Amino acid sequence: MRRKLVIGNWKMHGSNLLVQELLGSLKVGLDEAGNVEVGVCPTTLHLAAASETLIGSQIKLGAQNANAHTSGAFTGEVAAEMLPEYGVSYCLVGHSERRELFLEDDTQVAEKFASLQKAGLTPVLCVGESLDQREQESTEQVILAQVEAVLDKVGVQAFVNAVIAYEPIWAIGTGMTATPAQAQAVHELIRQHVAARDVGVAKNLRIIYGGSVKSSNAAELFGQADIDGGLVGGASLSAEEFIVICKSADSK
Ligand code: PGA
């Protein structure tokens, strides 16, 4: 049985005050979230404060990005190896904003994935198609190529300790959520693809959905057979919204 997982991606939002207030509210509000695993990914700058604030809480901490090198002359970067010291458990990799705005390609994504695991972190591999690609009916091909690039580099066993987030680019921050059926179809496709390499790994692999998840659509999305939770952007900045989203994963 896969445990549901909901992760908040704060993107480039936040302040020490937000860390205190938002995480303070989540700690109280998610006390009874039951059997859902909850994580938050603040900016790298706020990881230390978030880690302090989360002491004594079940809520896990994630980073949004890390460099694949262990150290060196990479001005402005943070290595995966530096994150565990701040109590970080997960790290996003391959988010469409990193792919599109920072030109990260499949090779870099696979390298980052490997370095995160080497550092003892759980990579959350994000994959997703653009609206154009969906309209051209190449969703399947795009998603599988993104998954395959990482599978090829690290092997299927590496997915024992990894999460995949399916995030259609056209649904991110647009309010245009994929329908539960659209999302389920892609999640099933990803699971079958992994199963072709290893049935056991595929069965236990958590595949979460991201793209305009809100309190009003979370329960239906999380109720789909292959949707194991969500990666939540905008709505994770509101304690009220995020708590409802996390709780709606519990009964599913
Ligand atoms: P959104 O973002 O929930 O604001 O659409 C999701 C994400 O980019 O992870």
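The values are calculated or read from the model by the stated rules, or taken from the named source; none is laboratory data. Everything numeric here is computed off the predicted structure, so don't read it as measured data. In this analysis, Cβ positions are derived from the backbone assuming ideal geometry, glycine residues included, and neighbour counts consider all displayed protein chains. SASA here: full protein model, heavy atoms, side chains in, ligands and nucleic acids out. Shrake-Rupley method; radii C 1.70, N 1.55, O 1.52, S 1.80 Å.
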What do you reckon, is residue 89 out of contact with any Pro (no Cβ under 7 Å at 6 or more places or on another chain), more than 16 Å from the ligand (Cβ to nearest atom) and in a strand (DSSP E or B)? yes
Mind counting the residues in the range 130-168 that are touching a Phe, Trp or Tyr at 6+ places or on another chain (Cβ under 8 Å) and either in a helix (DSSP H, G or I) or within 14 Å of the ligand (Cβ to nearest atom) (or both)? 13
Tabulated pairs, the range 199-220, first touching a residue at least 60 places away in the same chain (Cβ under 8 Å), second in a loop (DSSP other than H, G, I, E, B) and more than 10 Å from the ligand (Cβ to nearest atom), C-beta under 7 angstrom, 6+ apart or interchain: 204/2; 206/2; 206/228; 208/228; 211/178
Tell me, yes or no, whether the range 169-180 has at least one residue that is within 20 Å of residue 36 (Cα to Cα) and within 13 Å of the ligand (Cβ to nearest atom). no
Quickly run through the range 92-120 and pick out the residues that are among the aliphatic types (A, V, I, L, M), more than 16 Å from the ligand (Cβ to nearest atom) and open to solvent by 60 Å² or more (accessible area, probe 1.4 Å). 103
What are the residue pairs meeting all of these: first residue in the range 90-101, first residue farther than 13 Å from residue 7 by Cα, second residue charged (D, E, K, R) and within 8 Å of the ligand (Cβ to nearest atom), Cβ atoms under 7 Å, and 6 or more apart or on different chains? 96/167
Of those in the range 84-96 that are touching a Cys at 6+ places or on another chain (Cβ under 9 Å) and not β-branched (Val, Ile, Thr), the residue farthest from residue 66 (Cα to Cα) is 96
Taking residue 39 as meeting all but one of (1) part of a loop (DSSP other than H, G, I, E, B); (2) crowded, with 16+ Cβ neighbours inside 10 Å, write down the number of the exception. (1)
Residues in the range 211-236 that are near the ligand (Cβ under 9 Å from one of its atoms), of a type outside the set (S, T, N, Q) and at negative phi: how many? 8
Could you list, in sequence order, all residues of the range 195-230 that are assigned to a helix (DSSP H, G or I), under 14 Å from residue 36 (Cα atoms) and of a type outside the set (Phe, Trp, Tyr)? 218, 219
Scope the range 49-82; condition at pLDDT 95 or above, surrounded by fewer than 16 Cβ atoms within 10 Å (Cβ to Cβ) and under 15 Å from residue 19 (Cβ atoms); matching residues: 52
Considering residues of the range 218-236 that are in contact with a Pro (Cβ under 8 Å, 6 or more places away or on another chain) and surrounded by fewer than 24 Cβ atoms within 10 Å (Cβ to Cβ) only, the residue nearest to residue 166 (Cα to Cα): 224
Could you list, in sequence order, all residues of the range 1-25 that are touching a helix residue (DSSP H, G or I) at 6+ places or on another chain (Cβ under 6 Å), within 16 Å of residue 234 (Cα to Cα) and away from the ligand (no atom under 16 Å from the Cβ)? 19, 23
With respect to residue 33, is the statement that it is modelled with pLDDT under 95, surrounded by fewer than 22 Cβ atoms within 10 Å (Cβ to Cβ), in contact with a helix residue (DSSP H, G or I) (Cβ under 6 Å, 6 or more places away or on another chain) and more than 30 Å from residue 131 (Cβ to Cβ) true? yes
Residue satisfying condition, being under 16 Å from the mean Cα position of the chain (by Cα), open to solvent by 20 Å² or more (accessible area, probe 1.4 Å) and small (Gly, Ala, Ser), within set 200, 173, 210, 128: 173
